[in-house]
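The values are calculated or read from the model by the stated rules, or taken from the named source; none is laboratory data. These numbers were taken from a predicted model, which means no experiment stands behind them. Because the Cβ atoms are built from the backbone with ideal geometry, glycine has one as well, and the counts that use them run over all protein chains shown.
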Amino acid sequence: MFKSLKEKLKGVTRKFGSNIDEAIERDDVNKPAGEMRSVSQPEKITSSSEGKNKLISDSERIPVLKNDSSSSPVSEPENIPAEKQRPVKTGFAQKLKVLVTEREILLSEKDIKEPLEELELILLENDVAFDATEAIIEDMRENLVGQKRKIKTSAEDFVLDALKNALLNVLGEGFSLKSYINSHEKPVKILFTGVNGAGKTTSIAKVAYYLKDNGYSVVIGSGDTFRAGANEQMKTHADRVGVKVINHQEGADPSAVLFDAVSYAKAHNIDVVLGDTAGRFHNKTNLMKQLDKIKRVISPDIIAYVDEAVAGNDAVIRAEEFNNSVGTDVVVLTKADMDVKGGAAISIAHTIGKPIMFLGTGQSYGDITPFEPETVVNDLLGE
């Protein structure tokens, strides 16, 4: 999943790290000699009274006064603080490690300008929406430029943390259907909308399977009454999953079908109603009005917009148009396992301000995954 984007993010992260390492090296080289003491090699001084080697920094050395030949060497002070005694390894790699773990650095826009531009291009090439890309770049800039930071790990890890936070901010918090069901009055009514051929009917069957597998009772309302064979298709899915389906004859009013499904759920103490609707585009006025009627009749608790992850930026545009026309509460993205770019998954939640609920990840009914932003980001960044 998102293979192309993963590989490119790894490359640009390494570039960020390399630029930061170079900035630290330049900063260190340009510092006055007095400021370099923290990374210089402490000298050894032998105490004549004890005959043992001890470490002492330049700033603590006590000068020896040579008033006459009988003067005895001045003994070194006792109780030298531990941090003053710590030797620091030389060599660029070791020196960089000390600088990164023990010192604050101040990055400039120039230090990360080139990798930021490369990151922006990578996101856009992988179908991340422009506004989502801008949000990620700006977040990265704010977290890396112009602020003093004590970096506890490598420069690359520092960049990964910033990129992870930027992606999480764009993806939002996600949506737990189980938590929602547990905290709301039954039956919870979920209405599925979307365009033709995006996998809406199959997604409903997968959600039914997921809910049943987690101990919830489910009924499906076959509200796609205009497409030839839609009732039979939904009945086949429901039988395989093992849930009840309510349907009317082809061409019936979908509002009536879904009203009957809700009534059945109430009469039989069913936890969740999943309502199918005919696939449509936002510019089909009559079909959009039909959705408005369904909303008035059954008052759905959740409106779930379904589209293909592989549709990329087109899916983002359609989701925004559906949200503006009939409203959307959550998003289900199908064919995420076939999506090498990941643009839709990253962009939709930010663009319409609504969370992703599930990712479809295969052909089996069990191939549906609750969308957890941190898990997705960790996978993207190889963590």
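Worth pointing out:
- Only residues that are farther than 27 Å from residue 252 by Cα and polar (S, T, N, Q) were counted in the range 201-225, giving 1.
- Unmet requirement for residue 236, which otherwise passes all of (1) among the polar types (S, T, N, Q); (2) more than 24 Å from the chain's Cα centre (by Cα); (3) at pLDDT 95 or above; (4) within 15 Å of residue 306 (Cβ to Cβ): (4)
- Taking every residue in the range 359-383 that is free of Cβ contacts under 8 Å to residues at least 40 places away in the same chain and pairing it with any residue that is not in a loop (DSSP other than H, G, I, E, B), at least 6 positions away or on another chain, the pairs with Cβ-Cβ distances below 7 Å are 362/337; 369/358; 369/359.
- Subset of the range 240-282 that is in contact with a strand residue (DSSP E or B) (Cβ under 8 Å, 6 or more places away or on another chain) and acidic (Asp, Glu) - its residue that is modelled with the lowest pLDDT: 276
- Selected residue (criterion: surrounded by the fewest Cβ atoms within 10 Å (Cβ to Cβ)) from residues of the range 283-317 that are out of contact with any strand residue (DSSP E or B) (no Cβ under 6 Å at 6 or more places or on another chain) and closer than 28 Å to residue 126 by Cα: 283
- Of all residues in the range 253-280, those satisfying the criterion of being farther than 18 Å from residue 193 by Cα, of a type outside the set (Asp, Glu) and in a loop (DSSP other than H, G, I, E, B) are 268, 269, 270.
- Restricting the first member to the range 318-341 and to residues that are under 17 Å from residue 368 (Cα atoms), and the second to residues that are surrounded by fewer than 21 Cβ atoms within 10 Å (Cβ to Cβ) and among the basic types (Lys, Arg), no beta-carbon pair is closer than 7 Å while six or more apart or on different chains.
- Criterion (over 37 Å from the mean Cα position of the chain (by Cα) and more than 22 Å from residue 328 (Cβ to Cβ)) met by exactly one of 265, 256: 256
- Test: residue in the range 120-140 that is at pLDDT below 90 and in contact with a strand residue (DSSP E or B) (Cβ under 9 Å, 6 or more places away or on another chain): no
- Scope the range 318-360; condition within 17 Å of residue 210 (Cβ to Cβ) and β-branched (Val, Ile, Thr); matching residues: 330, 331, 332, 334, 356
- Sole residue being touching a Leu at 6+ places or on another chain (Cβ under 8 Å) and more than 22 Å from residue 204 (Cβ to Cβ), chosen from 376, 326: 376
- For the range 297-314, filtered to residues that are part of a helix (DSSP H, G or I) and in contact (Cβ under 8 Å) with a residue 40 or more places away in the chain, the residue that is farthest from residue 174 (Cα to Cα) is 297.
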